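Visitor: Following this message is one structure expressed as structure tokens.
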Amino acid sequence: MKNNAIAIGVRTRFIYGVLAIMTIMSGIGENTMAQTKSTAVVKNIVLVHGGLVDGSGWEAVYNVLKKDGYTVTTVQNPTISLADDVAVTKRAVAAQNGPVILVGHSYGGAVITEAGNDPKVAGLVYIAAFALDKGESVSSLIKDPPPGAPVPPLLPPVDGFLLLDKAKFPASFAGDVSPEKAEFMADSQVPWGVNALGGTISEAAWKAKPTWYLLTTEDRMLPPDAQRLMSKRAGATVVEVKSSHAVYVSHPQAVAHIIEEAARGALVAAKKGATSAAAD
């Protein structure tokens, strides 16, 4: 009887020991999975504005992303030349601790197409933006608009800088923004350098980086059909929104959503691409 009791005690301690080890291992596995999931999300977001505006227009998008735990940097490009804007953006990218999702609106798309070649950039997000190819410029894409396409009411250049007609700004740029906000945007335009429009791309980053595109179907600055052509050429994941060109002001949640989608998917997409390339 005594021997049986000892044997039962040994078996009991052994079973409890095994259960304890299994519990510990399970916890380690869950922690590892959680850490892996966490590290698969890019936490640094760099926002690049387009021509005629400045970085303050990103405020609502910035607030959503910050609330969701992202580190957000808003670039203030001078929009005097593409080369200068790329340099300013690359400095913002260099200041980040880890990989970056680079986001560009309108002309800002040209900037991220060039600056996005930086190795720290994990993915690109175009917001109603110019996804240019090598050798292209904003000027080369807009010089011959198709028949019936809306033509931005740009005034003749003064000292090498462009502005939109203030009276026509709301309807062309910010059709779904409140009249008061649209008027403020019109009155606070930033002169857009002709040289910036003429800057050409040396290498299109979207050829090597995972890419997303938010397409605005009511856009009267950058025609939706042109956006479709560029986003398709770039192999982008496309989301369409019924919005004006000022979508980052009128639909900040939709803009933040596609940026967060890119933040979750960029590293995974890049890994799949690398695996596929290695197999080839």
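Visitor: Restricting to segment 161-189, give me the number of residues that are within 26 Å of the chain's Cα centre (by Cα), within 20 Å of Glu218 (Cα to Cα) and in a loop (DSSP other than H, G, I, E, B).
Guide: Residues flagged as within 26 Å of the chain's Cα centre (by Cα), within 20 Å of Glu218 (Cα to Cα) and in a loop (DSSP other than H, G, I, E, B) within segment 161-189 amount to 5.
Visitor: Quick check on my filter: what residues within segment 248-267 are of a type in the set (Ser, Thr, Tyr) and crowded, with 24+ Cβ neighbours inside 10 Å?
Guide: Narrowing segment 248-267 to residues of a type in the set (Ser, Thr, Tyr): 248, 250.
Within segment 248-267, just Tyr248 meets the criteria.
Visitor: Which residue out of Thr113, Thr200, Thr211 is touching a helix residue (DSSP H, G or I) at 6+ places or on another chain (Cβ under 6 Å), in contact (Cβ under 8 Å) with a residue 24 or more places away in the chain and not aromatic (Phe, Trp, Tyr)?
Guide: Thr113
Visitor: Of (1) closer than 16 Å to Glu203 by Cα; (2) open to solvent by 60 Å² or more (accessible area, probe 1.4 Å); (3) touching a Ser or Thr at 6+ places or on another chain (Cβ under 9 Å), Ala83 satisfies all except one. Which?
Guide: (3)
Visitor: Okay, moving on. Quick check on my filter: what residues within segment 65-80 are under 21 Å from Ala263 (Cα atoms) and either surrounded by 19 or more Cβ atoms within 10 Å (Cβ to Cβ) or touching a strand residue (DSSP E or B) at 6+ places or on another chain (Cβ under 7 Å) (or both)? If you could, list the steps in order and put the result at the bottom.
Guide: We begin by selecting, within segment 65-80, every residue under 21 Å from Ala263 (Cα atoms); these are 65-75.
Answer for segment 65-80, where residues must be under 21 Å from Ala263 (Cα atoms) and either surrounded by 19 or more Cβ atoms within 10 Å (Cβ to Cβ) or touching a strand residue (DSSP E or B) at 6+ places or on another chain (Cβ under 7 Å) (or both): Leu65, Lys66, Tyr70, Thr71, Val72, Thr73, Thr74, Val75.
Visitor: Shifting gears a bit: Right, Leu155: open to solvent by less than 20 Å² (accessible area, probe 1.4 Å) and farther than 30 Å from Val41 by Cβ or not? First the steps, then the outcome.
Guide: On the way: open to solvent by less than 20 Å² (accessible area, probe 1.4 Å): no; farther than 30 Å from Val41 by Cβ: yes.
Here the answer is no, as Leu155 does not meet what is asked.
Visitor: Out of Gly123, Gly160, which single residue is modelled with pLDDT of 95 or more and either basic (Lys, Arg) or open to solvent by less than 10 Å² (accessible area, probe 1.4 Å) (or both)?
Guide: Gly123
Visitor: What's the number of the condition Phe169 fails, among (1) open to solvent by 70 Å² or more (accessible area, probe 1.4 Å); (2) without any contact (Cβ under 8 Å) to a residue 24 or more places away in the chain?
Guide: Evaluating Phe169 over (1) open to solvent by 70 Å² or more (accessible area, probe 1.4 Å); (2) without any contact (Cβ under 8 Å) to a residue 24 or more places away in the chain leaves (1) as the failure.
Visitor: Further, regarding this structure: Would you mind finding the one in Ala186, Ala204 that is of a type in the set (Gly, Ala, Ser), open to solvent by less than 40 Å² (accessible area, probe 1.4 Å), within 28 Å of Asp84 (Cβ to Cβ) and in contact with a Phe, Trp or Tyr (Cβ under 9 Å, 6 or more places away or on another chain)?
Guide: Ala186
Visitor: So in segment 172-181, with the set limited to residues that are of a type in the set (Gly, Ala, Ser) and in contact (Cβ under 8 Å) with a residue 40 or more places away in the chain, which one is farthest from Gly50 (Cα to Cα)?
Guide: Going through the qualifying residues, I end up with Gly175.
Visitor: Taking the conditions exactly as written (farther than 21 Å from Glu59 by Cα, in a loop (DSSP other than H, G, I, E, B) and not hydrophobic (A, V, I, L, M, F, W, C)), does Gly135 satisfy them or not?
Guide: yes
Visitor: Given (1) open to solvent by less than 30 Å² (accessible area, probe 1.4 Å); (2) modelled with pLDDT of 95 or more, where does Ala149 come up short, assuming only one miss?
Guide: Ala149 satisfies all of (1) open to solvent by less than 30 Å² (accessible area, probe 1.4 Å); (2) modelled with pLDDT of 95 or more except (2).
Visitor: Considering every residue within segment 122-130, establish whether at least one is at negative phi and free of Cβ contacts under 8 Å to residues at least 12 places away in the same chain.
Guide: no
Visitor: Still on this structure, please answer the following. Would you call Ala236 farther than 28 Å from Leu163 by Cβ, surrounded by 16 or more Cβ atoms within 10 Å (Cβ to Cβ), modelled with pLDDT of 95 or more and not β-branched (Val, Ile, Thr)?
Guide: Yes: the conditions hold for Ala236.
Visitor: Looking only at segment 138-160, which residues are assigned to a loop (DSSP other than H, G, I, E, B) and free of Cβ contacts under 8 Å to residues at least 12 places away in the same chain?
Guide: To start, the set of residues in segment 138-160 that are assigned to a loop (DSSP other than H, G, I, E, B) comprises 143-153, 155-157, 159-160.
Correct list: Lys143, Asp144, Pro147, Gly148, Val151, Leu155, Pro156, Asp159.
The values are calculated or read from the model by the stated rules, or taken from the named source; none is laboratory data. None of these values were measured; they are calculated from a predicted model. Positions of Cβ are generated from backbone atoms using ideal geometry, with glycine treated the same way; all protein chains shown enter the neighbour counts. Please note that ligands, DNA and RNA were not included when accessible areas were found on the heavy atoms of the full protein model with its side chains. Shrake-Rupley method; radii C 1.70, N 1.55, O 1.52, S 1.80 Å.
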